[in-house]
Amino acid sequence: KRTEDALRLSEQKFASVFQQCPDILLIARHSDGCLLEVNEAFEEQIGLSPAQVIGRTATELGLWGVAGTGPALLERLQRGGIRNLETSFRRSNGQLFTGLTSAESFDLDGTPALVVAVRDISQLKETQQQLQISEEKFAKAFHASPDGLLLSRQSDGLLLEANEGFCRLTGYDINPSLGHNSLDLGIWVDLNERDRLIELLKRDGFARDFSCHIRRSD
């Protein structure tokens with residue numbers, strides 16, 4: 001009885017975790033990928049009920065965003081588990097999304113099986129793509145400008161980035177990887193002017209048409 005009670009409690013805990021997990025969880029047969037059980041997140045995010053998918057493979061259901069993914073994953077799982085693999089999936093409405101996929105083999109009543117977890121990272125991927133586009137636009141505008149543009153750390157004057165216009169105007173060949181410092185290079189003729197500029201930045205967050213004296217490399 002104690003063994004039966006412990007087993008029942010274990011199954012209840014598993015069912016609770018399995019169904020309430022916000023990520024897609026499924027159990028599949030190792031030999032062919034046939035789905036044996038799916039959680040509520042699967043139904044919500046994929047758009048198919050357990051009755052529609054159990055007994056069928058993800059390939060048959062058209063869930064892979066890229067053809068041939070299923071067999072390739074099964075072959076890879078023969079060599080061990082999968083951790084955080086970016087995979088393209090297709091919802092029942094045809095919409096594609098990127099899932100961070102992890103899978104592990106285990107024995108299910110004598111049948112080799114897989115437990116698979118998929119986290120939808122589409123929003124993260126979209127944000128990363130937008131960030132990359134933003135950085136590319138910044139880089140083009142920054143380096144194409146004929147004006148001297150410089151990124152410098154306020155605390156110590158460390159030069160983080162300089163465009164060709166700045167190097168041409170000052171005569172310095174600025175390489176951020178070398179840790180150049182505007183103070184060490186002597187770019188500021190009067191350090192009091194730099195102090196006033198920093199005060200403006202701290203007070204207003206910006207400075208416009210601030211006149212100061214700059215020393216060229218010569």
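The values are calculated or read from the model by the stated rules, or taken from the named source; none is laboratory data. Source: prediction; values computed, not measured. Counting neighbours? That spans all protein chains shown, and the Cβs are built from the backbone with ideal geometry, glycine included. Note: accessible area is taken over every heavy atom of the protein model, side chains too, but ligands, DNA and RNA are not part of it. Shrake-Rupley method; radii C 1.70, N 1.55, O 1.52, S 1.80 Å.
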Qualifying residues in the stretch 54-68 (those that are out of contact with any Phe, Trp or Tyr (no Cβ under 9 Å at 6 or more places or on another chain) and assigned to a helix (DSSP H, G or I)) - the one least open to solvent (accessible area, probe 1.4 Å): Leu61
Tally of residues being surrounded by 15 or more Cβ atoms within 10 Å (Cβ to Cβ) and assigned to a helix (DSSP H, G or I) across the stretch 1-33: 1
Filter result for Lys137 (in contact with a strand residue (DSSP E or B) (Cβ under 6 Å, 6 or more places away or on another chain), free of Cβ contacts under 8 Å to residues at least 40 places away in the same chain and within 30 Å of Leu100 (Cα to Cα)): no
Scope the stretch 175-218; condition open to solvent by 80 Å² or more (accessible area, probe 1.4 Å) and hydroxyl-bearing (Ser, Thr, Tyr); matching residues: Ser177, Ser211
Residue check for Leu36: closer than 17 Å to Leu100 by Cα and in a strand (DSSP E or B): no
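Scanning the stretch 135-148 for residues that are open to solvent by less than 60 Å² (accessible area, probe 1.4 Å) and out of contact with any Leu (no Cβ under 7 Å at 6 or more places or on another chain), which turns out nearest to Ile54 (Cα to Cα)?
Selected residue: Ala139.
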Selection within the stretch 120-175 - farther than 27 Å from Lys202 by Cα and touching a His at 6+ places or on another chain (Cβ under 6 Å): none
